[in-house]
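The values are calculated or read from the model by the stated rules, or taken from the named source; none is laboratory data. Just so we're clear, the structure is a prediction, and the values are computed from it rather than from any experiment. FYI the Cβ positions are ideal-geometry reconstructions off the backbone, even for glycines, and counts take in every protein chain you see. Each accessible area value is taken on the protein alone, full model and side chains, heavy atoms only, with ligands, DNA and RNA left out. Shrake-Rupley method; radii C 1.70, N 1.55, O 1.52, S 1.80 Å.
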Amino acid sequence: MKQKVNPVSRFFVKILGNEKYQKFTIPVFAIILSLIVGAVVIAVLGKNPLSAYMNLLQGSGILPKIKYAGGKSMLTDFFSFMNYWTPMIFAALAVAVALKAGLFNIGISGQMLAAGFIASITVGYSTLPAAIAKPLVILIAIVVGGLVGALIGWLKYQFNINEVVSSIMLNYIIQYVVAFFINTRYVDPVSRQSTNVSDAARLTLMNTPIGGFKFDIPLGIILAVIMAFVIQFVFNKTTFGYELKAVGSNRKAAQYAGINVGKNMILAMLISGALSGLAGATYYLGYFCSIQPKVLAATGFDSIAVSLLGNSNPIGILFSSFLISVMGKGSTYMSSTAGLDAEIASVITGLILLFSACGAFIQYKVKRAKDRIDEIEKNKGMEGTK
């Protein structure tokens, strides 16, 4: 009895079967699946899925809105989106560096908060001119975030304290210590948040008039994109990157090969913390200009999923962080225009991450289908020679 190849299986094997490109094709396939399921959810709620998705893009400045308020345009919306996007890039890169060394840095939010707070009270509230204040903010954030990250790495190496436990504990410690100082020394009596940092120290040029429009220009976006390419180069072209991946793959084998496992673990967490510090600087002294007490930025937790969606690849993270940021930034406009709750964007984000988490399963099913097709083709060839 002749075996037949399922046309659907053949189609999926054709588009997903090339192992060389699966790290790109499978995440894209997962995203498409999640958007289809998200469209079904929106349709069940009685709304037009296409319009809802268009609203997300419009709210992020990727598509034009029907009308704009004074001083605003599609371009100003996109600059505002980039301001929102910048901290997510740094935070997701921080997760990726730690993951390469086999470490799970769940303390991104705490490291962001520590860096943002110290940068605010040392430079943000000073009278330093912008030319000095802005570089200092970045430097201080890198140092503070790096020190917190290095502490987690050192605790892991020296005492074998699980980095997830230590980073979660540090999240709480930093959260409440910072809240104490804000509420007792730096609180704004009206907003009940920390006092706003000076414009000179802020990493976003707010309401900058250009051609009759007012732009929020994020100064950190260029550094974030450059950093993604730098980390990609370090991962693939340097001895340190090779050692980092070796430690992440198998610590015992790496140690047997002469690699200093402890040093690489601490360095990985130091770099991860430094990137978290940059995320904190661009978040608390960029997108925002103050700190809300007792609140950890959701960006730090979302970045874990963003990094996994990008396969912990720095270039992939640029795309995955862009997609997730579109969902977050565009949700308000979608809610007001389409009449959907803003939380629907979070549902769609969750679906994207859920299907992306099934990437290994999809890869397994594609491989099985490919092997079956190859076996059938081989049997046909043998029958043809008889």
Checked against (1) assigned to a loop (DSSP other than H, G, I, E, B); (2) among the hydrophobic types (A, V, I, L, M, F, W, C); (3) closer than 25 Å to residue 359 by Cβ, residue 28 satisfies every condition except (1)
If I ask for residues that are in contact (Cβ under 8 Å) with a residue 40 or more places away in the chain and either farther than 22 Å from residue 353 by Cα or surrounded by 18 or more Cβ atoms within 10 Å (Cβ to Cβ) (or both), which ones from region 39-50 would you list? 42, 47, 48
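Yes/no per residue for (1) under 17 Å from residue 271 (Cα atoms); (2) hydrophobic (A, V, I, L, M, F, W, C); (3) free of Cβ contacts under 8 Å to residues at least 60 places away in the same chain; (4) surrounded by 15 or more Cβ atoms within 10 Å (Cβ to Cβ):
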| position | (1), (2), (3), (4) |
| --- | --- |
| 128 | no, yes, no, yes |
| 134 | no, no, no, yes |
| 155 | yes, yes, yes, yes |
| 162 | no, no, yes, no |
Does residue 96 satisfy the criteria of being more than 25 Å from residue 176 (Cα to Cα), small (Gly, Ala, Ser) and free of Cβ contacts under 8 Å to residues at least 60 places away in the same chain? no
If we ask which residues in region 353-364 are under 14 Å from residue 13 (Cα atoms) and either small (Gly, Ala, Ser) or open to solvent by less than 100 Å² (accessible area, probe 1.4 Å) (or both), their number turns out to be 2
Any residue in region 18-32 that's touching a residue at least 24 places away in the same chain (Cβ under 8 Å): show its pairings with residues that are surrounded by 14 or more Cβ atoms within 10 Å (Cβ to Cβ) and not in a helix (DSSP H, G or I) at Cβ separation under 8 Å, as long as the two are six or more apart or on different chains. 23/311; 23/313; 27/310; 27/311; 30/358
Across region 246-272, what is the total count of residues that are in contact (Cβ under 8 Å) with a residue 60 or more places away in the chain, farther than 27 Å from residue 115 by Cα and open to solvent by 50 Å² or more (accessible area, probe 1.4 Å)? 2
Can residue 57 be described as modelled with pLDDT of 90 or more and assigned to a helix (DSSP H, G or I)? yes
Are there any pairs, at least 6 apart or on different chains, whose C-beta atoms fall under 8 Å, with the first in region 275-300 and farther than 23 Å from residue 136 by Cβ and the second in a loop (DSSP other than H, G, I, E, B) and open to solvent by 10 Å² or more (accessible area, probe 1.4 Å), and if so, which? 292/193; 293/192; 293/193
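Here is a yes/no grid of residues against (1) within 17 Å of residue 299 (Cα to Cα); (2) touching a residue at least 40 places away in the same chain (Cβ under 8 Å):
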{"site": "321", "(1), (2)": "yes, yes"}
{"site": "334", "(1), (2)": "no, yes"}
{"site": "357", "(1), (2)": "no, yes"}
{"site": "361", "(1), (2)": "no, no"}
Go through region 200-236 residue by residue and tally those that are surrounded by fewer than 18 Cβ atoms within 10 Å (Cβ to Cβ), in contact with a Gly (Cβ under 7 Å, 6 or more places away or on another chain) and closer than 12 Å to residue 86 by Cα. 0
With the requirement that a residue be closer than 17 Å to residue 209 by Cα and more than 21 Å from the chain's Cα centre (by Cα), what does region 58-103 give you? 68, 69, 70, 71, 72, 73, 74, 75, 76
Among 36, 62, which is more than 11 Å from residue 334 (Cβ to Cβ), surrounded by 15 or more Cβ atoms within 10 Å (Cβ to Cβ) and of a type in the set (A, V, I, L, M)? 62
